[in-house]
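Contents: one structure, followed by commentary.
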Amino acid sequence: MIVLGIETSCDETSVAVVRDGVEILSNLIASQVDIHALTGGVVPEVAARKHVERLTPIIEEALRQAGVRYADIDLIAVTNRPGLVGALMVGVSAGKALAYALGKPIVAVHHLEAHIASNFLTAPDLRFPFVCLIVSGGHTDLHIVEGHGKRRRLGSTRDDAAGEAFDKAARLLGLGYPGGPAIDRKAKEGNPQAIAFPRAWIEEGSYDFSFSGLKTALLRLVQQAGDTLNVADAAASFQEAIVDVLVHKTIRAAEEYGIPRVAVCGGVAANSRLKAVMSEETGKRGYQLVIPPLILCTDNAAMIAAAGYFQYLTTGESPMDFDTIASEALAG
Ligand code: KG4
Ligand code: ZN
């Protein structure tokens, strides 16, 4: 089954062609990062306008690279939630128009369900159940994934998402946008033990996260230290505090539920320190660890096509009148 995936929920215009949910034939991503770097963050109106300009040529190029024609498409999968509504609307309108013109089914995909599906593109043999940490710019969620579209949410962030915390910290440290990769790079020159940043463990046994206290601690440090601040040490210590909490809670979930399989996905899964510590802790315990490659961690349409394929097999097509939704937690 040939699935055309479309992703426009934030600042990446992406189109992919995926066969049978696991084989990527093409996966094109046009990032708007240079444009949004000028304003230090995504301007929703600008993002939507860029999607309009870029989407049609990217669809054609994705088909060309995959070596398929419009007539070969069996299913269209498009992100409809959550995200910037204006941006989502561009992808959804294009997807519906194509589905209508080609007389093919369409599925409306939840962006986080797609991040989970990026694990199947990476490790098609990954067995259920597995513990899945989804860490992105907008979300920090810990789930037990029991089947396609079937999961139990153990916890999520009560305030900032991990990626958002990285982005805000980078701004405070003058490291630019996007913040995650900038902190990751700077942290390599610093000492992660230099500053004892607080870890919000929340109540005993909770799988929820909180990163706003950490951000406030960094703000206070920046204000107090001024020019004398060692930026590399601050970046390394800040990153360590986030990684520490993410790894601890994920491993505790795997231990508590007796599940020896862990997956980490979403933009922050690209973080080199998170990968190293998660790999060490799962390795010690003999757990399987799946972390998609960078291109599948950050927003991309291959994961939308993969999620759409499994969704179509389990619950069928979406009615044509589905809407875009700005905010919707992944049910669990
Ligand atoms: O999944 P994603 O591309 O978009 C959302 O759905 O949010 O994630 C983007 C987030 C940004 O906050 C970015 O700073 C973060 O992922 N990120 C990283 C790294 N690369 C991207 N955070 C930490 N370390 C990185 N290497
Ligand atoms: Zn994402």
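General observations
- In sequence order, calculated HN-Hα J values of region 298-312 (Karplus, 6.51, -1.76, 1.60; Hz; x Gly/Pro): 7, 4, 7, 8, 4, 5, 5, 5, 5, 4, x, 4, 5, 5, 4
- Label positions at Ala331 and Asp34, each projected 7 Å from the Cα along the C-beta direction, are separated by 4.3 nm.
- Fraction of beta bridges assigned by DSSP in the chain that are antiparallel (%, nearest 5): 60
- Out-of-range pairs (alpha-carbon distance over 26 Å; input Lys96/Lys275; Lys249/Lys275; Lys50/Lys215): Lys96/Lys275; Lys50/Lys215
- Peptides 142-150, 31-39 ordered by average Cβ neighbours within 10 Å, highest first: 142-150, 31-39
- Each residue, Ala194 and Glu45, gets one label point 7 Å from its Cα in the Cβ direction; the gap between the two is 4.1 nm.
- Surface exposure of region 128-292, expressed per residue as accessible area with a 1.4 Å probe, stands at 41 Å².
- Contact order normalised by residue count of the chain, Cα under 8 Å, 6+ apart, percent: 25
- Computed on region 119-179, with alpha-carbon pairs under 8 angstrom and 6+ residues apart, the relative contact order is 24 percent.
- Scoring 4-15, 172-183, 263-274 by mean Cβ neighbours within 10 Å over their residues and listing the highest first yields 4-15, 263-274, 172-183.
- Highest mean packing comes first when the peptides 189-196, 292-299, 237-244 are listed by Cβ atoms within 10 Å, giving 237-244, 292-299, 189-196.
- Note on Arg171 and Glu280: with the Förster distance fixed at 30 Å, the Cβ-Cβ geometry gives a FRET efficiency of about 0.50.
- Atom-type composition of the exposed protein surface of the chain places 52 percent of the accessible area on carbon and sulfur (1.4 angstrom probe).
The values are calculated or read from the model by the stated rules, or taken from the named source; none is laboratory data. All figures in this text were calculated on a predicted structure; none of them were measured in a lab. Counting neighbours? That spans all protein chains shown, and the Cβs are built from the backbone with ideal geometry, glycine included. The accessibility values were calculated without ligands, DNA or RNA, using every heavy atom of the protein model including side chains. Shrake-Rupley method; radii C 1.70, N 1.55, O 1.52, S 1.80 Å.
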